[in-house]
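Read through the structure below, which is laid out as C-alpha cells, and then see the notes.
Computed from the coordinates by the stated procedures, all read-outs in this text should not be read as laboratory data. Quick caveat: nothing in here was measured; it's all calculated off a predicted structure. Heads up, the Cβs are rebuilt from the backbone with ideal geometry, glycines too, and the neighbour counts pull from every protein chain shown.
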C-alpha cells in the first residue's frame, strides 16, 4: 500500500515551510505567529519522520515494500524504524506542549498591578 | 528496543497538551482572536485527535486502520499553511483599519482641541474622545494639587458626580502613574489594586482600570484614568493609543495655559503702554506704524486706526524728513538707539519740539523686528530753557555793565567837578568856557546812562512799599500825553479795585515810561493808538511763566500799540542790553532790558505778543501785595 497520506503531509509541510521562509519578516513581526514557528518546525520534523517510515523501495516482486520493511533495515535490527517512530511521536507531542506553554504564558506589555 | 508503552505515553502527553491548548484558546487569551483563534483551535483539535487515535489504536480498537497517519496528519500542515497566510493578511487589514480609525479619531480630537483655549474644556474633550475610541464607560483627567501628593478630578466622562474629588496619590493607580510617569493598570477587586481605585471601580461596575500620565516638556501635568466593564485588561495597542491621546492633550493643555499666560501678560503690558503719558510708537522694518498708543494720539491728534499701516514719516515736518533719513536712521542703525530733540508735526499742522527716544528691538536670533519710539512734547521745556539762558545772559551782562558803570561813575564825578571848576575860572561866553559847558553836559548825559546801567545791574538801591499801579499808570500816561505827539491816541482801561503790588514806585514808573516810549517810537509818524490797561489776574502755577514764579493773586498791566510791530528776528533779542532796532543815536538799547530787569526783580514777568505791521502788546505780570 502506497502511503499517500504521509507523502501529502510532507509535501504540505514543505510548502508551508517555504512560505514561512519567504514571508519570514511578516510572520515573525506578528505577536500571534512568532511563538508558533517552533511548534510548526517540530511538527514538520515529525512529519518527515513519518514519511521516511513509508518510502517504497522495491517493486521487483510485484508488490511494494517500504523502506522500513526492506531487508537492509530489517537486518539492522529495526532500530531505524523505531527511531523514526519515536521522532514522529515526540515531535507532535513537543509541538503540542510548546503551544500550550506559549499560550499559558502570554502577558500584556503594560505593567499590571495585581 | 523502545517499548510500545513509551510511544503511547508520549502520545498521551501530546493529547493532554493539546487539550490544555484547547482550554486556553477557549478562554480567548489576548491577543489571540478571530481567524487565528479558529485555526489554532483546529491545530489543537487535530493534534488531540491524532494523539487520541494513536492511543486508541494501541489499545486495539482499530487494529488494521491507521487513521492518525492517513487522515489527521495531512490536515495539520494545511491548517498551518492557512495560519501563516491568512492571519498575517487579516492582521494587516485589521491593523490598517484600526490605524485608520484611530488616526481619524486623533485627527478629530486635534481639530476639536485647536480652537479651544480653556484647559478644562480640553480635558473634557479628551475624556470624551478616549471613552469613545476604546468604547469605555468612564474616563477622567486628574491634575496634581500642590504640593504634589494629591490629585483632583478636573474633567470627567461618565462620572460627573466625581468632579473635584481629591485623592491621595498613593491610593490610586493615577497617583502611581503620576509618580512613576508610566502607564499603570489594575484589575478591580484584586487584592493588590489601590483601595481608592477599587472603591471607585466598584461604584461604577468597572472590572479593569488604566492610568496614563499626561506629559509635556518633561513635566507631568496630569493623568488620564479610564475603566472598562467587560473584564478585559487593556492591551498594548490600547495603552499606546491612550498615550498618544494623552500626548495630544498635554500639548493642548500646555498651549492653552501658555496662551492664557501670554494673553494676560500682553493685556497687562498693553494697559501700561496704552496709558503711558508719553507717546509710544512702534514701527516695523519698513517704518510702517504697527502700534500707536493713546499718548501718541494725544500728542499728534491721529488715532491708531488712522495711522496703523502707514509710513511713519508723517510725524515729521516735510522739510525735516530728509534729516531723519540722513542723520537719525544711520545713527539708529549703527548704535541701536537714538535720542534727541527733533521737530514733530501734529495732525493740525502745528510743529512742536519733541524729545525722541528711539531704540531697535531684536528677536532671539538678533534680527531687528521693530523700532520702538517714545516721544514727548518738550516745547514748553525748550521755551523755559531759553528763558533761563536769556536770564543768565542778562544777569552776566548786567553784572558786567554795572561793574563798568560803577568805575565810570567815579570818572564822571571827577570830570564833572573839573568842568565846574573850569567854568568858575573861565570868562563867560568865551570859547574855553563853552568847551567846559560842553564837557559838563556830556558828563551829565554819561551820568544818566550810568544810572540806567546801575539800575540794570541792581546796584541802584530799591524801595519796597505798596504801590497802586493805577496811580503809576495815571502819572506815566499823563506825562506821555504832555510830551507825545498829538497824532497818538493814548487811552487807559483801569481796573477800579486794582490790587496793590509791593515795590519801588519810581521803578514802576520807569518801566511804564520805557514801554510807552517804545510804543510811541513803534507808531512813528503815521499815527496810531496806545492802550494801557490794568487788571486783577490769578497767576497760575503751571510753570509757564518760569520756575521761580509764585502762583496766586496778581496784577497785569498791558501796553498795546498799533505800531509797526517787532520782526521775528528782533523778537528773540529785544530784552538784551544794548540791543536796539532803532536808528543810530535814537536808542541806547537799555530801555526794555532795564524794564525787564526791574519787573523780574519785583518777582514778576514781562511777556509780549507782536505781529509785524499790526502792533505789539507788552504784558507786565506782578504778584499782588
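Each helix, a run of at least 4 DSSP H residues, gives -39500 (n - 2.57); summed and divided by the residues of the protein assembly as shown, these come to -17000 deg cm²/dmol at 222 nm.
Given the peptides B:135-145, B:485-495, arrange them by the average over their residues of other C-beta atoms within 10 Å, most packed first. Mind dumping the intermediate values first?
Values: B:135-145: 21.4, B:485-495: 13.5.
The most tightly packed comes first, giving B:135-145, B:485-495.
Distance between the C-alpha centres of the stretch B:184-230 and the stretch B:126-152: 9 Å, rounded to the whole angstrom. Normalising the average separation of contacting C-alpha pairs (under 8 angstrom, six or more residues apart) by the number of residues puts the relative contact order of chain B at 6 percent.
For the stretch B:251-396, what is the relative contact order in percent, using Cα pairs closer than 8 Å and at least 6 residues apart in sequence? Could you put the intermediate results ahead of the total?
Details: 213 pairs, mean separation 28.8, N = 146.
It comes to 20 percent, rounded to a whole number.
Geometric descriptor of the stretch B:277-377, per residue, is 92 Å³ (volume of the convex hull of the Cα atoms).
I need the shape label for the stretch B:252-302. Rule: rounded when a/c is under 1.5, else prolate if a/b > b/c, else oblate, with a, b, c from the alpha carbon gyration tensor. Taking the square roots of the gyration eigenvalues as a ≥ b ≥ c, the stretch B:252-302 is oblate. Over the protein assembly as shown, all Cα pairs binned in 20 Å intervals from 0 give whole-percent P(r) values of 12, 20, 17, 12, 12, 10, 8, 6, 2, 0, listed from short to long.
With angles folded into 0 to 90 degrees, how steeply does helix B:34-59 sit against the dominant principal axis of chain B? Use alpha carbons for both and round to 10. That helix lies at roughly 20 degrees to the long axis. How large is the translational diffusion coefficient of the stretch B:301-450 in µm² per second when you combine the Kirkwood radius over alpha carbon pairs with Stokes-Einstein at 10 °C and 1.306 mPa s? Calculated translational D: 74 µm²/s.
Could you list the square roots of 5 times each eigenvalue of the Cα gyration tensor of the stretch B:465-623, that is, the equivalent ellipsoid semi-axes, sorted largest first and rounded to whole Å? The partial results should precede the final answer.
Working: eigenvalues 116, 70, 41 Å².
Sorted largest first and rounded, they come to 24, 19, 14 Å.
Between the Cα long axis of helix B:236-274 and the first principal axis of chain B there is an angle of about 10°, rounded to the nearest 10. For B:561, B:540, the sequence from fewest to most other C-beta atoms within 10 Å is B:540, B:561. Look at B:265, B:359 and count the other Cβ atoms within 10 Å of each Cβ; fewest to most, that gives B:265, B:359. Stokes-Einstein diffusion for the stretch B:65-213, with the hydrodynamic radius set to the Kirkwood value over Cα pairs and evaluated at 37 °C in a medium of 0.692 mPa s, equals 177 µm²/s. Ordering B:50, A:24 by the number of other Cβ atoms within 10 Å of each residue's own Cβ, fewest first, gives A:24, B:50.
Please compute the alpha carbon radius of gyration of the stretch B:219-308, then divide it by the globular-protein estimate 2.2 N^0.38 Å. Two decimals is fine.
Values: Rg = 24.4 Å, N = 90, 2.2 N^0.38 = 12.2 Å.
Normalised Cα radius of gyration, the stretch B:219-308: 2.00.
Temperature 20 °C, viscosity 1.002 mPa s: under these conditions the Stokes-Einstein estimate for the stretch B:409-517, based on its Kirkwood radius over C-alpha pairs, is 125 µm² per second. For chain B, the spherically averaged projection of the C-alpha convex hull amounts to 55.8 nm².
Using only the alpha carbons of the stretch B:4-96, what is the convex hull's orientation-averaged projected area in square nanometres? Show your work: numbers first, answer last.
On the way: hull surface 25.4 nm².
Mean projected area of the Cα convex hull: 6.3 nm².
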